[in-house]
Structures are given as C-alpha cells and as structure tokens.
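K.L.:
The structure that follows is given in the form of structure tokens.
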Amino acid sequence: MPTATRRRAGVRRAVRRAGAPLLLLLPSLILVGVFVYGLIVANTRQSTTDNHTAAQATGQAPTTGVGLRNYLDLLGSEEFQHSLTNLVLYTVVFLVGTMVIGFAWAWLLDKPLRGEGIFRSVYLFPMAVSFIASGVVWRWLLNSNQGEQASGLNRLFQMIGLDALQNNWWNNVSVGIVAIAIPAIWQLSGYVMALFLAGFRGIPVELREAARVDGASEWKLYRHVLFPQLSPIALSALIIIGHMSLKAFDLIMSISKPANYQTKVPAVDMYVFKSAFDYANAAAVGTILLVIVAVVIVPYLVHTHRQGRR
Amino acid sequence: MTSVVEAEAGRPVDLGRTAPRSRFTVGRTLRYVVLLLFVLVVLVPVYVLLVTSFKGPGDAAPTRAWNLPQVWTTANWETAWSTLAPAIARTVQMVVPAALISAFLGSLNGFVLSRWRFPGADLVFTLILFGMFIPYQAVMIPLNQLVLGLGVPSGVPSLILLHVVYGIPITTLIFRNYYMTVPQELIEAARVDGAGMLRTYAWIVLPISVPSFVVVLIWQFTSAWNDFLFAVFFSSSQNGPVTLALNNLANGALLQDYGVSMAGALFASLPTLLVYVLLGRYFMGGLMSGSVKG
Amino acid sequence: MVAAAAAVMALALAACGGGGDEPETEGGATGGSDEVEVFTWWAAGSEKAGLDALVAVFDEQHPDVTFINGAVAGGAGSQAKDLLQTRLQAQDPPDTFQAHAGAELQDYIDAAQIEPVTDLYDEFGLTDAFPADLMDRLTAEDGEIYSIPSNIHRANVVWTNRQVLTDAGLDPDATYDDLSSWMDDMETLKKAGVTPLAVAQAWTQVHLLETVLLADLGAEGYSGLWDGSTDWEGPEVKAALEDFQTLMGYTNTDRDGLDWPESQQLVIDGKAAFTVMGDWAEASYEEQKQELGTDYSAYAVPGTDGVFDFLADSFTLPVGAPHPDGANAWLETVGSAEGQEAFNKAKGSIPARTDVDMSTFGEYQQAAAEAFKSDTIVSSLAHGAAVPVATLTAITDATSKFTSGASDLATFQSELAAANAG
C-alpha cells in the first residue's frame, strides 16, 4: 500500500512537526479551553433558556429553551439600547482620549529633555492605582453640585476662575457616561505614552536624518516617515486599551452606582440581572458583549495573521 | 536587528540622539510649560488623596477636599497599616507566583507560536488571544462551580489559578510579538546544530527574553494587584488580597472615614508604585524592543 | 483539538458535579457542631459593634461552638449578597446567613436553598415573644417560617436639622399632617437657599418613594400594592407619584453619587433641612454626639403617623449547611432575649421580641419599641420585606430612569405597574 505508507509517513511527519510544540502548548490550551471556551459554551447555552428566577437556577422549576427570545427582547428594549449607546460613547471617548493624550506626551518627550524620566514616571503613575483605591477620590472630584454647593472639580474650577467649566459630570442622562471615561483616561494615557515613546525611539535615527537631508518639513517627516512606523504600535495600543473599556464595570461601581440609569453599560446590566437571579438575561448580555468584541477584534486578528505569514 | 542586543542590555532609552541644544529655546520652554501643566492635571487626584490622608475625621470631607489639613495627623496611616498589612502580605504571595507562572507560560506559547511554528499555529494563537475578551461577570457562576469542583481552596490558591489562566492570552500576545522580532536565522542556526525545541528555547530564546519578561511581569503584577472582581468571588476578608481589605476599609462604615480610606488607597498602591520605579527603565527598554509591535 | 478540548471540558464538568456534593470547608477543619460560619454584611460601625455584642452572648451561651466571622463589607450588603448568591449556587453555603425578613427570602425558598425554621420557633419559645403582626409578615406562602429576626428597623422616619429650620424662619417643632403642608415649608427652605430634602443613590430614592406611597395611600392601600388589591395604574398612585416628583425637585443635585450616610451628613452639617431614612440613621447622630430635640428631630414621615413601616434583619438555615448544629446554636442566641438586647443596644435598632426590658435603651429606641407594639405594621419596599428581589430591582431601575430625567411620569407609572406584575 504505497499511498497508505506515504500517508502514514505524512501523518508521522506532521505529528513530529506539530506534536512537540503542541505538547508545550498543552497546559495553556487546556486552561484556556476550559476556562474560556467551556464557559462561553455554558454561557451561550444559558442565554437561550428562560432561566429568569432563582428556582429555575437550582433546578427547582423547569427551564425551557426559548431560542433567541432573550436577545430580541434585550435589543428591543429602550433601557438596553441606552446601555449600548453608553458603551459606545464611553469606548470612543476613552480610546480617543488615551490615544491623543498618550501620543501628545510621547511626542513632547521624544526629543531629549532634562527631567524626562520624572515626567515619564508621573504620567505612568496612575496605572499603578486601582479603581478601588482611586474610586473615592474620583467620586468626590466628579460631584455634580454647582454654584454655592459645588465641591470637587466644579469647586476647583471656581477657585481658578474657570466657572464656565462647571458641569454636572456623569449626571447628564444622555452624555454623562463620558465623564466616567475621565478617570479611565487618567489611568491609561501614561501606558499609551510609553508605547508610543518606545515606538518613536525604535525608529532608526538614520531614517529621520535622511528625511531631514531631503529637506522634508517637520510635518512631512511625521506624515511619511514616523506615522507609518508607529501604526502597528497604535493598533496594539488600541487593542489593549480597547479591551480595558469592557472593564468599565469597576469604575462605574466605584464612582456611580449600578442602579443609576445615567451610567448604565452592558456590564452593569449583566451584574444587575445576575443579582436579581435572572441568569438567562445576564448570560445573553454576556454573549452580546462577546459578539461586539468579536466584531472588533477579528479583523485585527486576521490582520496579525496575515502579518505573521509575511 | 540591533534592537535585540540593545534590549538584552535592558538599556533605557536614549539612543544617542543628538539634537542641537541651544536652538529652539522658545520651543523648549513651551514644551516644559505644557509638560508641567499635564503633571499638575495628572496629580490633581493624588493631591486630594494625599492631603485627605493626613486629615482628622471632621476635616476629611468632600467639601474641604482642596484645603490643607487643619491639623496634620498620621493616625490614618497607622490605622491603614495595621488593617492592610496582613492583606498586603497575602497579595504578594498571590501576585508573585501568578505573574511568574503566567509570564512563563506566555513565553513558552509565544516562542512556539512565532518561532517553532507548526501547521495551524495562527489559528491556535487566535483562539488563545480571544480569551482576553471574555466578560467575566457573565461566567462568574459556572466559573465558581468549576473552581470549587476542581477542589482549589478559596483565597490565594484560587486567585493564583485565575490570574494565571486569564493572563495567558495577553502574555502570549506580548511574547509572541516580541519573538517575531528575533531573527529566524538564530533559531535555524540552533536547529542546524541539532538543538531540539526545548534546548533552543532554554539556550537561545529565554536569555534574550528579559525585556519582554519585564513588560509582562509589570502588566500581570499590576492587573492582579488591582483586581477586585475575582477577589470578591474567590476569597474572603480573612484570606483575600488588599483590594478586598481596602474596600472593607472604605465602605460599610456608618461614618465613612475618608481619611483612613484615602491613606489606605495610597498605601495599597505603594507596592505597584515601587515596582514601577524599580523596573521603569527596563519597562521602557522592554517596550522598545518590540514587545508591543502588532 | 476540538475533541481534546471537549474531553477536558467533560472531565472538568464531571469533577464539578462530583465535588458539588461535598463542599470544601475552609481550612479543611473539623465538621460537626463545634463551629459556625456566620455570613453577614455587618463589617463596620454600629453594625459591627452589634455583631460583636451578639457574639459575646453567643460565646457565653454556647462556649463549645467556635464563631467564624464571614462578614463581607461594601455597598450596603450588595457585595455580600453577590458572594452569597454564588456560594449558594455552587452549593458551598455558609452555616447561616443574614437576610432581610419577608419577601426577599422568597427567592431562596423557591430555589430550595434555605430550610424552614418553624420548629425552632417552638423549641426556642419565640412564637409568643414576637408580635402577632410580625409573625404574619414572617410566614411565607407555604405556612412555614424561614428565618429568625434579630432586630427591627423603622423605615418611615423624617430627620431634621433644627437649626436650619429656625434660620429659615420655620418652627423646628412643627409636625405635618400631610405631604402638602410639608412641601410648603420646603418651598420656603428652597427660597432661603438650603437644600430642603437630602437623598442619596437610587435605593434611598425608592425608600422615599415608599414612604410617599404610604402617606398618600394609607397603610391599607400601601399593603394592597403588594397583594394586588391596589391598582398601580390608578389615579391614587398617580397622585402619589406626582408628590414624589415634587419632593425630588427639592433634593440635592449630587444625590446619585452619594450613599445614605453622606446624605444624612448633609442634614447633620446643616446643608439640608430634612431627610427620610430608616432609624439606623440614629447611630450616626449618636456617633457625632448630637442631641435629639436640641440638634435634630425625628418623627414619622408626614401622613404616616401610626404606621410602622418595618424591615428586619434575620438569620436563616441554608440547605446543606456544613455545621447545622452550630447554626441552630447561633439561631438560638439570635432569638434569645439576651442576644436581642445586647445586639440591638449596640446596633441602635429595636428587638423583635416584645419582652425585652427597654429601660436601658436610648430615648429614640424606647419610643420606637412602643410604636412597634401599638402601630399598624407594614412591610418596607426598599428593604426586601414587601417584594422579591427581581421586583425590587425592576422598581429601582424604573425609579432611577425617572429621577435621572429619562422617563416621564406616565412612563414611570406604567413601568412600576409592569414591575409588580412580574
């Protein structure tokens, strides 16, 4: 059987090529398989049932499959649409804020400067502080009282003569969520700065010099030499920062409250559903989040995939 | 690919750039002004934390947030120390192994997925990476049943397991990206010399991984140290980490003692801060050497 | 790959199912009757003091049982409840846990997570020690009782800052027959530049809503909201909601970011004139050495005189508790006259038993205990006595949506009706 032998040899070669690396990956694969994919499966299954009460959760009352009903109900409800809008607003402001500020800091620090290390450390510092720790302070700072009753940042604005900047922060029902992004931007801009700074420094000096010799203006230098070099970094930063935005939960819990309509996001809904023993809807919200993530992340993965091939 | 060599030295940043020094003084001053303004903005919350942590009970109130203490007292810091110290010790016991193990696993994965590739490596990488985005709240109940079913005791052991597991995607990502910058020829050379996979990893790859390890360890250290969600569900105030103890300190009291909770907040952040200061140089070096290129 | 992952999953789930039957005890200790893990959210302040006092009595009454403190702080018990829910789901229950008495227990009952303790009432002789009204409210639909109350709180209390009222030219000793005369004075206060009414985050707004409903509908009408005999869509409820809307117009703008001690503090500090809060607020006055009648006054919310809007903390017996004997011992102490006296004196609440000597209690507590004996008792909405968790969550969501300006009164009313319809 020459074909069989050849095939067996082929299989053996494939096993030899893939076997050893797979063996090395095995611990991680098992862990990720169980703790990520196993739980995603369990969650998805939960989301297609009518498991809305405590009795059903423990099997005291029957649960039946309802297909996509929970999803349709959620997506059709005004409250959940509000949550989704909030998530989008929050994520956009958070991403744009960290990227712009992080880039600006990196740009300012790029050229040699005395005290650069100090600036860098200060900007990076907020990353070391958890929201459980900084939550109390941010709750003070983002107090919505204005005028005579003002405290927090509104008070500070009064003290430095910028009264016009006073606002009710996250208490605005349509765009209040943007204020919640402020502490998040505070925390992670430094990290983005570090990424970009590393990127700037990673660009060969010769490249810049060559461009300068060619008489390129500063803007052209950035436009045609530096930005292209930085774009992979920007992409990584977006992904790492973007996945943090899904964790807005800690932040909202420590500054606002889970019941507050103004600052609802899907992660908070998930928590509220779970607290009320509505596991099916909690799971459905989880799956919706996962799908959103997939929509954003898969193009990136495909991109890196292609790059890996190159 | 000189970056590898430089990275190995773990050198910080200045790549001998020589900009003209005397010119652009206006620009330079402007840069300083802007940078200092940003420093002030960044430090606003820190100022409030600091001054409040030295205030007495009535003084530590939101309405007096911007004022200096009427009477400076260290009582808050003493309380914070005595309540948080045991929890901080437990957090160290939890964070150090969690960061080391997940970094090591990530390094193995990153190596195999970038430089000892096999058919389907990209798919496996994609599958692992996707784990970064799982919404934890949604899986908390099955997760709890799973951890309990595996017989992992609550507290430090459970938390180590969880931080290792959910750290794998990002550590793998960072190491893989870093190893992509290692010339394949280096690996091939070792292969030609007859070195197997493990030997190549241990002798060639591991020694040049220091910068990436720094980046990964800092990241994992920070996220495990600051985690609260897992802490609530997988430990109690008797065996839990510092975020839990801090939360107990800051909440629940009838008269919220803001002074103590702010002292505690600063205190609980000190270890991470220390890591940043000690490893900051290497952190930048690590980032520069390609850990984060897409 | 997929097959391997599936196999691992199956294994893990099997392990999961197997392990579920034999919950791990922490520290792998002893079992039997010699310890009891008591799960509460009494981790700080007067609540912790109360718990400590109760434990002292427990150690005296049951020296052979070791008390293990499972207190979890944070968010008025919300973190404790999350953790409890997960532990119960994972069949890893504590030996006994704190829960609000009343409808809030219904979910645990439906889920078969707690045992009836009706027998213990006979064994410990509690049936006659508690008021008959209370026994009715404790008894679940199936005729069984599922928890032993440790303390009683009153929800429908107004707290005032007397100085603020005097400064605004009002009589600090004035009481109000109904909400509208109360709101007239609030208008005066508003013109004087103080916040008339302090509230905090959503649940305190629900707390305010419940007292407004009680004031406008009366005790019977209010109780009818929970058994279906009062129409949520009707004009009476609409009128009450309008009052609620007016009252919310007199409140502090930063309410949604505050918790109740902070809104209480606004009144204590003279930044606001009134607040509606349960009588646990008494403890914050005591802590700050404020005098009833000179610094502050406390009385029933206008229109609710003679009604005691009650809530109670209580202890349960979870199904599959690792140390049921220890739990029984704990429940005995909780229900005992000594336990109730020690606990309530420290916590600032009143005993559920009517046979406790009140002479050594504080002035407010003595008055409240009298009222508890003579007033009509109704169940609190915001604190789990009146409705199950899911209903309360829906009501809270609707309230937050309304007070943050995202819905109008008609929508609010129909959302409340829908919440109660299930």
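The values are calculated or read from the model by the stated rules, or taken from the named source; none is laboratory data. Fair warning: this is a prediction, and the values are worked out from it, not measured in the lab. Please note: Cβ atoms are built from the backbone with ideal geometry, for glycine as well, and neighbour counts cover all protein chains shown.
K.L.:
Go through (1) out of contact with any Asp or Glu (no Cβ under 8 Å at 6 or more places or on another chain); (2) at pLDDT 85 or above; (3) within 12 Å of chain B (Cβ to nearest Cβ) one by one and return the number of the condition A:Leu230 breaks.
P.N.:
Among (1) out of contact with any Asp or Glu (no Cβ under 8 Å at 6 or more places or on another chain); (2) at pLDDT 85 or above; (3) within 12 Å of chain B (Cβ to nearest Cβ), the lone unmet condition for A:Leu230 is (2).
K.L.:
For segment A:205-310, list the helices (runs of 4 or more DSSP H) that sit wholly inside it and hold at least 2 residues that are touching a residue at least 60 places away in the same chain (Cβ under 8 Å); which are they?
P.N.:
Result: A:227-245, A:248-255, A:266-275, A:279-309.
K.L.:
In segment C:190-203, which residues are surrounded by fewer than 24 Cβ atoms within 10 Å (Cβ to Cβ) and either at pLDDT 95 or above or of a type in the set (D, E, K, R) (or both)?
P.N.:
Scanning segment C:190-203 gives C:Lys190, C:Lys191.
K.L.:
Can you tell me which residues in segment B:84-93 are more than 14 Å from chain A (Cβ to nearest Cβ) and crowded, with 17+ Cβ neighbours inside 10 Å?
P.N.:
Result: B:Arg90, single match.
K.L.:
Still on this structure, I have one more. I'd like to know if segment C:130-137 contains one or more residues that are small (Gly, Ala, Ser) and either crowded, with 21+ Cβ neighbours inside 10 Å or at pLDDT 90 or above (or both).
P.N.:
no
K.L.:
Hey, among the residues in segment C:91-106 that are in a strand (DSSP E or B) and within 14 Å of chain B (Cβ to nearest Cβ), which one's farthest from C:Thr66 (Cα to Cα)?
P.N.:
C:Gln98
K.L.:
Starting from segment B:49-61, take each residue that is part of a loop (DSSP other than H, G, I, E, B) and list its partners that are hydroxyl-bearing (Ser, Thr, Tyr), counting only C-beta distances under 8 angstrom and pairs at least six apart or across chains.
P.N.:
As it stands, the answer is B:Phe54/B:Thr73; B:Phe54/B:Thr74; B:Lys55/B:Thr73; B:Lys55/B:Tyr258; B:Gly56/B:Thr73; B:Ala60/B:Thr52; B:Ala60/B:Tyr258; B:Ala61/B:Tyr258, since those pairs meet every condition given.
K.L.:
Moving to a separate point now. Would a scan of segment A:172-184 turn up a residue that is facing another protein chain (nearest Cβ under 7 Å), part of a helix (DSSP H, G or I) and not hydroxyl-bearing (Ser, Thr, Tyr)?
P.N.:
No, because not a single residue in segment A:172-184 is facing another protein chain (nearest Cβ under 7 Å), part of a helix (DSSP H, G or I) and not hydroxyl-bearing (Ser, Thr, Tyr).
K.L.:
To continue, here is another question. Can you name the residue in segment B:63-91 that is assigned to a helix (DSSP H, G or I) and among the small types (Gly, Ala, Ser) and, of all such residues, is farthest from C:Ser263 (Cα to Cα)?
P.N.:
The qualifying residue farthest from C:Ser263 (Cα to Cα) is B:Ala89.
K.L.:
Give B:Ala268, B:Ala263, B:Ala245 a once-over and let me know the one that is within 7 Å of another protein chain (Cβ to nearest Cβ), in contact (Cβ under 8 Å) with a residue 40 or more places away in the chain and either more than 14 Å from A:Met127 (Cα to Cα) or crowded, with 20+ Cβ neighbours inside 10 Å (or both).
P.N.:
B:Ala268
Listed here are the residues, each with its yes/no results for (1) within 14 Å of another protein chain (Cβ to nearest Cβ); (2) in contact (Cβ under 8 Å) with a residue 40 or more places away in the chain; (3) under 24 Å from C:Arg154 (Cα atoms).
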position	(1), (2), (3)
C:Gly362	no, yes, yes
C:Lys373	no, yes, yes
C:Ser379	no, yes, yes
C:Ala385	no, yes, yes
C:Val389	yes, yes, yes
C:Thr393	yes, no, yes
C:Ser400	yes, yes, yes
C:Thr403	yes, yes, no
C:Ala418	yes, no, no
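Condition check ((1) part of a helix (DSSP H, G or I); (2) buried (at least 20 other Cβ atoms within 10 Å of the Cβ)) across all residues:
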| position | (1), (2) |
| --- | --- |
| C:Met186 | yes, yes |
| C:Gln205 | yes, yes |
| C:Trp226 | yes, no |
| C:Ser229 | no, no |
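K.L.:
Could you tell me whether segment C:68-90 includes any residue that is more than 17 Å from the chain's Cα centre (by Cα), part of a loop (DSSP other than H, G, I, E, B) and in contact (Cβ under 8 Å) with a residue 24 or more places away in the chain?
P.N.:
There is at least one residue in segment C:68-90 that is more than 17 Å from the chain's Cα centre (by Cα), part of a loop (DSSP other than H, G, I, E, B) and in contact (Cβ under 8 Å) with a residue 24 or more places away in the chain.
K.L.:
Name, by its number, the condition in (1) in a helix (DSSP H, G or I); (2) modelled with pLDDT of 85 or more that does not hold for B:Ile141.
P.N.:
(2)
K.L.:
Something else now. Only residues that are part of a helix (DSSP H, G or I), aliphatic (A, V, I, L, M) and within 16 Å of C:His207 (Cα to Cα): list them for segment C:247-274, please.
P.N.:
C:Leu247, C:Met248
K.L.:
Here's a follow-up. Suppose we filter segment C:358-412 for residues that are under 21 Å from C:Tyr250 (Cα atoms), hydroxyl-bearing (Ser, Thr, Tyr) and in a loop (DSSP other than H, G, I, E, B); how many remain?
P.N.:
2
K.L.:
Ok, one more. Can you go through B:Val152, B:Val182, B:Val165, B:Val96 and tell me which one is more than 9 Å from chain A (Cβ to nearest Cβ), closer than 27 Å to B:Val275 by Cβ and assigned to a helix (DSSP H, G or I)?
P.N.:
Answer to the check: B:Val96.
K.L.:
Right, here's the next one. Does at least one position in segment C:323-332 carry a residue that is in contact (Cβ under 8 Å) with a residue 24 or more places away in the chain, buried (at least 24 other Cβ atoms within 10 Å of the Cβ) and part of a strand (DSSP E or B)?
P.N.:
No, there is no match, as no residue in segment C:323-332 is in contact (Cβ under 8 Å) with a residue 24 or more places away in the chain, buried (at least 24 other Cβ atoms within 10 Å of the Cβ) and part of a strand (DSSP E or B).
K.L.:
Say we look at segment B:31-62 and pick out the residues that are under 19 Å from C:Glu262 (Cα atoms) and under 30 Å from the mean Cα position of the chain (by Cα); which of these is farthest from the other protein chains (Cβ to nearest Cβ)?
P.N.:
B:Ser53
K.L.:
Related question: Go through segment C:233-266 and report how many residues are within 23 Å of the chain's Cα centre (by Cα) and modelled with pLDDT of 95 or more.
P.N.:
Residues in segment C:233-266 being within 23 Å of the chain's Cα centre (by Cα) and modelled with pLDDT of 95 or more: 6 in total.
K.L.:
Would you say A:Ser121 is under 17 Å from B:Leu43 (Cα atoms), without any contact (Cβ under 8 Å) to a residue 40 or more places away in the chain, assigned by TED's automatic domain parsing to the domain that holds A:His243 and under 30 Å from the mean Cα position of the chain (by Cα)?
P.N.:
Against the criterion (under 17 Å from B:Leu43 (Cα atoms), without any contact (Cβ under 8 Å) to a residue 40 or more places away in the chain, assigned by TED's automatic domain parsing to the domain that holds A:His243 and under 30 Å from the mean Cα position of the chain (by Cα)), A:Ser121 qualifies.
Residue-wise test of (1) buried (at least 19 other Cβ atoms within 10 Å of the Cβ); (2) in a helix (DSSP H, G or I); (3) within 30 Å of the chain's Cα centre (by Cα); (4) within 7 Å of chain B (Cβ to nearest Cβ).
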{"position": "A:Leu109", "(1), (2), (3), (4)": "yes, yes, yes, no"}
{"position": "A:Pro126", "(1), (2), (3), (4)": "yes, yes, yes, yes"}
{"position": "A:Ala133", "(1), (2), (3), (4)": "yes, yes, yes, yes"}
{"position": "A:Glu148", "(1), (2), (3), (4)": "no, yes, no, no"}
{"position": "A:Leu153", "(1), (2), (3), (4)": "yes, yes, yes, no"}
